[in-house]
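First the structure, in the form of structure tokens, and then the observations on it.
The values are calculated or read from the model by the stated rules, or taken from the named source; none is laboratory data. This structure is a prediction, so every number in the text was calculated from the model and none was measured. Positions of Cβ are generated from backbone atoms using ideal geometry, with glycine treated the same way; all protein chains shown enter the neighbour counts. SASA here: full protein model, heavy atoms, side chains in, ligands and nucleic acids out. Shrake-Rupley method; radii C 1.70, N 1.55, O 1.52, S 1.80 Å.
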Amino acid sequence: MIKLDSVTKIYNKGKDNEVIALDNACVEIVSGSAIAIMGVSGSGKSTMLNIIGCLDVMTSGEYYIDDKKVSTLKSNELAEIRNAKIGFVLQENALINSESVFENVKLPLCFSKKYKIKEFKHRVMEVLESLNIEGLYKRKVRDLSGGQRQRVAIARALVNDPDIILADEPTSALDSKTASEIMAIFKDLQSNGKTIIIVTHDKHVADQLDRTVYIKDGLISDTEE
Ligand SMILES: Nc1ncnc2c1ncn2[C@@H]1O[C@H](COP(=O)(O)OP(=O)(O)O)[C@@H](O)[C@H]1O
Ligand SMILES: [Mg+2]
């Protein structure tokens, strides 16, 4: 269970360019469910995902993962939770273009204690195989198609076997056929017990998930107004 309790995020607090990006957000996400976060550009979607993903700290409020209070953890403890529990498919997928698929997917293993160094190669290939891209392992990321790159980004998010997978607009740069293939991967992960949270502009993507949380000017609601 993921629980945000009155979470507020204010950028540039107290300055004249202050932005309230999340305003007392309360959300509960049941483990193993798949949810969409929808809202127009600038509404606070990425901010919310970054807080859930322990990539950013909130201004006020409480955040719990499986009844563990995350909001009061120190940055090294936060990093530990992030590495162990959370896989993040970032917007524009943030891969290292000049490196191979193998090196990109291996990277998160180096920041986690979950696998031993001698297991790295096997673990990377296992994840690539689960996404049908094992044949690409030597290729440089810059030479891949959009759909292949997104699979690599998902592989990198999965390599530490996280419980929670977060994705920021994972299909926005893809054609509809490739987008469907990527959504099939997320649904497959959910059927394997993962919790899936996807930020999207696309109602078609949201309709394939269990539930949609709407966000407007930092305010959360369960209905679209
Ligand atoms: N690092 C930042 N510094 C200042 N303002 C930010 C920062 N990140 C986001 N914002 C502002 O916070 C609001 C929400 O942004 P964001 O969460 O990125 O929205 P979305 O992902 O829905 O497009 C926007 O007004 C945005 O300009
Ligand atoms: Mg965003």
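Might you check whether a residue that is out of contact with any Phe, Trp or Tyr (no Cβ under 6 Å at 6 or more places or on another chain) and in a helix (DSSP H, G or I) occurs anywhere in the range 87-102? Spell out the reasoning first.
Quick first cut of the range 87-102, residues out of contact with any Phe, Trp or Tyr (no Cβ under 6 Å at 6 or more places or on another chain) only: 87-100.
If we keep only those that are in a helix (DSSP H, G or I) too, we end up with none.
The answer is no; no qualifying residue exists.
For the range 1-12, give me each residue that is surrounded by 12 or more Cβ atoms within 10 Å (Cβ to Cβ) and away from ligand 2 (no atom under 16 Å from the Cβ).
First pass over the range 1-12, keeping only residues surrounded by 12 or more Cβ atoms within 10 Å (Cβ to Cβ): 1-11.
Passing the criteria: MET1, ILE2, LYS3, LEU4, ASP5, SER6, VAL7, THR8, ILE10.
Among the candidates ASP222, ASP188, ASP207, ASP202, which residue alone is under 30 Å from ILE10 (Cβ atoms), without any contact (Cβ under 8 Å) to a residue 12 or more places away in the chain and open to solvent by 50 Å² or more (accessible area, probe 1.4 Å)? So that I can check it myself, show each step before the final result.
Values: ASP188 fails: under 30 Å from ILE10 (Cβ atoms); ASP207 fails: under 30 Å from ILE10 (Cβ atoms); ASP202 fails: without any contact (Cβ under 8 Å) to a residue 12 or more places away in the chain.
None of the others qualify; the one that does is ASP222.
For the range 160-185, give me each residue that is touching a strand residue (DSSP E or B) at 6+ places or on another chain (Cβ under 8 Å) and either within 16 Å of ALA34 (Cα to Cα) or surrounded by fewer than 17 Cβ atoms within 10 Å (Cβ to Cβ) (or both).
Of the range 160-185, the ones touching a strand residue (DSSP E or B) at 6+ places or on another chain (Cβ under 8 Å) are 160, 162-172.
Within the range 160-185, PRO162, ASP163, ILE164, ILE165, LEU166, ALA167, ASP168, GLU169, PRO170, THR171, SER172 meet the criteria.
Restricting to the range 155-184, give me the number of residues that are within 19 Å of ASN104 (Cα to Cα) and either in contact with a helix residue (DSSP H, G or I) (Cβ under 6 Å, 6 or more places away or on another chain) or outside any helix (DSSP H, G or I) (or both).
Within the range 155-184, the first condition is being within 19 Å of ASN104 (Cα to Cα), and the residues that meet it are 155-162, 165-168, 170, 182.
If we keep only those that are either in contact with a helix residue (DSSP H, G or I) (Cβ under 6 Å, 6 or more places away or on another chain) or outside any helix (DSSP H, G or I) (or both) too, we end up with 155-156, 158-162, 165-168, 170, 182.
Looking only at that region, the number is 13.
Given the criteria more than 10 Å from ligand 1 (Cβ to nearest atom), open to solvent by less than 30 Å² (accessible area, probe 1.4 Å) and under 23 Å from ASP202 (Cβ atoms), does GLY44 qualify? So that I can check it myself, show each step before the final result.
Details: more than 10 Å from ligand 1 (Cβ to nearest atom): no; open to solvent by less than 30 Å² (accessible area, probe 1.4 Å): yes; under 23 Å from ASP202 (Cβ atoms): yes.
No; evaluated as a whole, the condition is false for this residue.
Looking only at the range 79-104, how many residues end up being under 28 Å from ILE182 (Cβ atoms) and at pLDDT below 90?
So in the range 79-104, the residues under 28 Å from ILE182 (Cβ atoms) come out as 79, 81-104.
From what's left, at pLDDT below 90: 79, 81-84, 90-94.
Within the range 79-104, residues that are under 28 Å from ILE182 (Cβ atoms) and at pLDDT below 90 number 10.
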